[in-house]
Amino acid sequence: MAVREIKKYPEPVLKEKARPVSIINAQLQRLIDDMIETMYAAPGVGLAAPQVGVSKRLIVIDVSNREEEETPLLVLINPEIEAVEGEIESEEGCLSLPGYVTTVKRAERVTVRALDREGKPVEVEGGGLLARALQHEIDHLNGTLLIDRISKIKREFFKKRVQKSLAKA
Ligand code: NI
């Protein structure tokens, strides 16, 4: 297992629509292990393959440290949101937008269908941080970032801040 570099905004791969995983082989298992290691090292509660530069529909999530409800480490291949319920606004950050936290409106509960790392169909249903992480990571597979979910004014402000820090570097 190896910690991979996390791609940061404005890396183009973060804006791409990721391709479905069609073959579950040793190379994919290595990618999954590396993503888990990278997520824990960051540390973060979730990571999507495009964040390590691989445009594939694959996410890992572990909210067990932050949730009262015990949820195991999730590896989800080709995840799809099947159902949503309610609406809730809460603070969110992203490993690809270091140092940025903003309030985002999301569904309160979601049901997600996917394949596990062995290719077996699974269904995950949850609320709280799990629901938020599922929606956030699946957004990454569609090239959608946190900053695409906020108001235009807040987004422009964020972009100016990034441009300034890039100019300094
Ligand atoms: Ni993110």
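The values are calculated or read from the model by the stated rules, or taken from the named source; none is laboratory data. Predicted model only: the values in this text are computed from it and were never measured. Methodologically, a virtual Cβ is constructed for each residue, glycine included, from the backbone with ideal geometry; neighbour enumeration extends over all protein chains shown. For the accessible areas, the whole protein counts, side chains as well, though only heavy atoms, and no ligand, DNA or RNA atoms are used. Shrake-Rupley method; radii C 1.70, N 1.55, O 1.52, S 1.80 Å.
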*Which of the residues belonging to region 40-52 are within 14 Å of the ligand (Cβ to nearest atom), open to solvent by 10 Å² or more (accessible area, probe 1.4 Å) and either over 17 Å from Val112 (Cβ atoms) or among the acidic types (Asp, Glu) (or both)?*
Ala42, Pro43, Gly44, Val52
*Say we look at region 125-144 and pick out the residues that are surrounded by fewer than 18 Cβ atoms within 10 Å (Cβ to Cβ) and more than 13 Å from the ligand (Cβ to nearest atom); which of these is nearest to Asn65 (Cα to Cα)?*
Gly128
*Filter region 156-169 for residues that are among the small types (Gly, Ala, Ser) and part of a helix (DSSP H, G or I) and give the result.*
Ser165, Ala167
*Scan region 89-107 and give yes if some residue there is within 16 Å of the ligand (Cβ to nearest atom), on the phi > 0 side of the Ramachandran plot and more than 15 Å from the chain's Cα centre (by Cα), otherwise no.*
yes
*Hits in region 10-30 - residues which are part of a loop (DSSP other than H, G, I, E, B), at pLDDT 95 or above and either out of contact with any helix residue (DSSP H, G or I) (no Cβ under 7 Å at 6 or more places or on another chain) or open to solvent by less than 80 Å² (accessible area, probe 1.4 Å) (or both)*: Glu11, Lys17, Ala18, Pro20, Val21, Ser22, Ile23, Ile24, Asn25
*asked:* Being among the aliphatic types (A, V, I, L, M), over 21 Å from Arg4 (Cβ atoms), part of a helix (DSSP H, G or I) and more than 16 Å from the ligand (Cβ to nearest atom) narrows it down to one residue among Ile147, Ile153; which is it?
replied: Ile153
*If you check every pair at least six apart or on different chains, which have Cβ atoms under 7 Å apart with a residue in region 57-74 that is over 22 Å from Leu141 (Cβ atoms) and at pLDDT 95 or above first and a residue that is among the charged types (D, E, K, R) and assigned to a strand (DSSP E or B) second?*
none
*Limited to region 9-27, what total is found for residues that are free of Cβ contacts under 8 Å to residues at least 40 places away in the same chain and of a type outside the set (S, T, N, Q)?*
4
*Considering only residues of region 53-65 that are β-branched (Val, Ile, Thr) and open to solvent by less than 20 Å² (accessible area, probe 1.4 Å), which is farthest from the ligand (Cβ to nearest atom)?*
Val63
*Name the one entry in Val122, Val84, Val112 that is surrounded by fewer than 21 Cβ atoms within 10 Å (Cβ to Cβ) and touching an Asp or Glu at 6+ places or on another chain (Cβ under 7 Å).*
Val122
*Test Thr102 against the criterion of being assigned to a strand (DSSP E or B), at pLDDT below 95, open to solvent by less than 20 Å² (accessible area, probe 1.4 Å) and not basic (Lys, Arg), and give yes or no.*
yes
*asked:* I'd like the full set of residues that are part of a loop (DSSP other than H, G, I, E, B) and hydroxyl-bearing (Ser, Thr, Tyr), limited to region 31-58.
replied: Ser55
